[in-house]
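Each reported figure results from applying straightforward, stated rules to the coordinates on display, with no laboratory input. The model shown is predicted, which means the values in this text are computed figures rather than measured ones. Here Cβ is always computed from backbone atoms with ideal geometry, including for glycine, and neighbour counts include all displayed protein chains.
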Amino acid sequence: MRRSRLGDAGQAFPIYITVVAGLLFLAFAYLAVGQAGVKRNGAQTAADAAALAAAQDTRDQLAGEWLEVVLDPEKWRDILDGSGAVLNGCWRAYELAAQNDATVNDCDPTEPLAYTVVVASTTSVGDSIVPGTESMHAVASATAVIEPLCTFEPPGEDAGGDDGADVLPLPQLTCDDGNWDPDPDDPTTLPEPKDLFDVHLADSQANDE
């Protein structure tokens with residue numbers, strides 16, 4: 001009877017070793033998957049921030065251009081609808097990507113008012129039990145859109161001053177969050193960039209390469 005028990009124990013030991021080895025393999029595999037997930041999340045954060053930064057730079061430029069011509073409503077239209085925008089904000093995408101441990105693979109300004117940015121994590125997933133992870137980098141993309149928020153009615157041609165001079169009142173801005181009556185002498189009546197244009201993410205996606 002004693003020999004039989006010893007024999008059963010000897011037969012069970014290799015099975016035990018196999019089970020433990022399998023569990024360890026699964027644990028390391030899950031760890032590798034977790035590492036990859038962290039990298040993808042980090043890359044997605046970098047892509048989102050980079051695309052938003054590029055779009056916000058163009059939004060601020062448009063708002064600044066509007067302030068420069070606030071006394072000339074005839075020049076408002078192209079600025080407020082974004083048709084006169086110069087989409088040169090990709091430099092901000094590179095800055096924000098670097099701050100989030102990523103590099104920009106591509107920054108594509110798209111019409112009418114959007115930026116699509118693709119980034120890759122600067123560090124790899126790292127060594128793991130899964131082959132190839134030591135050279136695998138997370139890649140993510142994001143698209144940020146600039147949306148005009150305000151409209152206005154151009155002043156009538158017969159709206160002159162009391163003395164007959166051709167002085168037209170500034171039009172009221174009708175925006176999503178309220179109306180504005182711009183008065184260059186009163187800064188509180190001048191909307192901020194975020195009042196004139198909304199910037200938001202339209203699409204994002206992450207994967208590994």
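For the stretch 51-99, what mean projected area does the convex hull of the alpha carbons give, in nm²? Average projection, Cα convex hull of the stretch 51-99: 3.3 nm². Across the stretch 62-70, computed HN-Hα scalar couplings (Karplus, 6.51 cos²θ - 1.76 cosθ + 1.60, θ = phi - 60°) run 4, 5, x, 5, 5, 4, 5, 10, 4 Hz from first to last residue, x flagging Gly and Pro. Karplus-based coupling profile of the stretch 98-115, in residue order and whole Hz: 4, 5, 10, 6, 8, 10, 7, 7, 7, 9, 10, x, 10, 7, x, 8, 7, 10, with θ = phi - 60° in 6.51 cos²θ - 1.76 cosθ + 1.60 and x standing for Gly or Pro. Compute the signed sum of charges (Lys and Arg +1, Asp and Glu -1) over the other residues within less than 12 Å, Cβ to Cβ, of Ala144. Local net charge: -4.
Exposure proxy ranking for Arg59, Arg77, Arg40, based on other Cβ atoms within 10 angstrom of each Cβ and starting from the fewest, stands as Arg77, Arg40, Arg59.
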